[in-house]
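Please read the structure below before turning to the comments.
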Amino acid sequence: TLADRQGRALRLVLRDGRNRSRRLDGRIFTAVRLAKRRGLAASSAGVNGRDKLFNAEVVRRLLGINPVRLEAGFARGPCVSLAVPDDLGNFISDVYAVIVVNQYDAGDLGGLTVVDAGANIGLFSLYACLRGARRVLAFEPVAETFALLRGNVARSGVTDRVVCFPAALGRARGSGRMFCNTRGDGSARLSRMSAAAGRRLGYEAVRRTQILALDDVVRERVDFLKIDVEGQERNVLLGGRGLIARNKPVISMAAYHRREDSRVLPRTLLGIRGDYLIGVNSFAERDFICR
């Protein structure tokens, strides 16, 4: 039986269009992570490993089915349902990170309000619901990805608990240029890079997107704040300085997108509220957990 890092039994089942199922287990997760490492190695050697080696077809062969949805939950309890995006390999890696090893170190969220900055297709937002969150505010700026997020929330029957915002979070209200892929992957970023540089890095599209500041849109108490926004973590903190100073939510945020993050992000947070204790987790990626 597959269990998470805390030993809770999990139910993770992929289904294809004919309702054939494949239960995710440790062997499959190991095989997918190995395929991803090989793809990244090939990419660093000058081969486009993401597209050539770590693509959906590789993972479909590992699974033996062409999955269209994931049912996820604890063995005893409700499940959520997510449409499987085209970026299948990274999706399964994200399932392992967010649900199996609890990358963002979310504890019991029973009755609490959560902000999901960088919600993507809703994996963490729905996981927060499984952990008992009363309300989740989910922010995702890429239109195609936002459509998957909203569909997954409806499919899981939690539209009364998850509010979806088609916007990025930042330091202040405005607009910006978003480099993105439209396959539901999680690499979209606000950037000053040129369009040509974006294409070299594998981005399919450049979009104008709305940027909101947390303090402008969130008036209620927030208990848990997850921030994984491809290098904009500091700006999200600054845009929510009032909320953070007032509520002192637990904050789990990516610590690796920029080389200076290891010193800049703790300093920024402590400048807003000096009584946070800040640790580092490396369950899947490198993340700060701030309590």
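Summary of values
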quantity: Region 167-179, subset among the hydrophobic types (A, V, I, L, M, F, W, C) and touching a Gly at 6+ places or on another chain (Cβ under 9 Å), residue farthest from A143 (Cα to Cα); calculated: A172
quantity: Any chance L225 is within 24 Å of S93 (Cα to Cα) and surrounded by 18 or more Cβ atoms within 10 Å (Cβ to Cβ); calculated: yes
quantity: Identity of the residue in region 228-257, more than 26 Å from G110 (Cβ to Cβ) and touching a Lys or Arg at 6+ places or on another chain (Cβ under 6 Å), that ends up surrounded by the most Cβ atoms within 10 Å (Cβ to Cβ); calculated: G239
quantity: Where a residue in region 224-242 is closer than 18 Å to V142 by Cβ and its partner, wherever it lies, is of a type in the set (S, T, N, Q), with Cβ under 8 Å and at least six apart; calculated: K226/S252; I227/S252; E230/S187; G231/S191
quantity: Extreme residue, farthest from G17 (Cα to Cα), among residues of region 68-80 that are outside any loop (DSSP other than H, G, I, E, B) and open to solvent by 20 Å² or more (accessible area, probe 1.4 Å); calculated: F74
quantity: Residue satisfying all of: in region 265-277; among the aliphatic types (A, V, I, L, M) and exposed (fewer than 15 other Cβ atoms within 10 Å of the Cβ); nearest to I244 (Cα to Cα) among these; calculated: L270
quantity: Boolean, G184 is modelled with pLDDT under 90, open to solvent by less than 40 Å² (accessible area, probe 1.4 Å) and touching a helix residue (DSSP H, G or I) at 6+ places or on another chain (Cβ under 6 Å); calculated: yes
quantity: Number of the condition not met by G176 [criteria: (1) closer than 19 Å to N120 by Cα; (2) open to solvent by 50 Å² or more (accessible area, probe 1.4 Å); (3) at pLDDT below 95]; calculated: (2)
quantity: Residue match in region 115-135 (condition: in a helix (DSSP H, G or I) and over 12 Å from the mean Cα position of the chain (by Cα)); calculated: yes
quantity: Matching residues in region 4-37 - criterion: being in a helix (DSSP H, G or I) and either touching a helix residue (DSSP H, G or I) at 6+ places or on another chain (Cβ under 7 Å) or in contact (Cβ under 8 Å) with a residue 40 or more places away in the chain (or both); calculated: I28, F29, A31, V32, R33, A35, K36
quantity: Any hit, region 153-162, residues being touching a Ser or Thr at 6+ places or on another chain (Cβ under 8 Å), more than 24 Å from A9 (Cα to Cα), buried (at least 24 other Cβ atoms within 10 Å of the Cβ) and free of Cβ contacts under 8 Å to residues at least 60 places away in the same chain; calculated: yes
quantity: Cβ pairs under 9 Å, 6+ apart, first in region 89-108 and over 19 Å from R286 (Cβ atoms) and open to solvent by 10 Å² or more (accessible area, probe 1.4 Å), second outside any helix (DSSP H, G or I) and of a type in the set (K, R); calculated: G107/R131; D108/R131
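The values are calculated or read from the model by the stated rules, or taken from the named source; none is laboratory data. On a predicted model such as this, the values are computed, not experimentally measured, just so you know. Here the Cβ is made from the backbone with ideal geometry for all residues, glycine too, and neighbour counts use every protein chain on show. All accessible areas refer to the heavy atoms of the entire protein, side chains included, with ligands and DNA or RNA removed. Shrake-Rupley method; radii C 1.70, N 1.55, O 1.52, S 1.80 Å.
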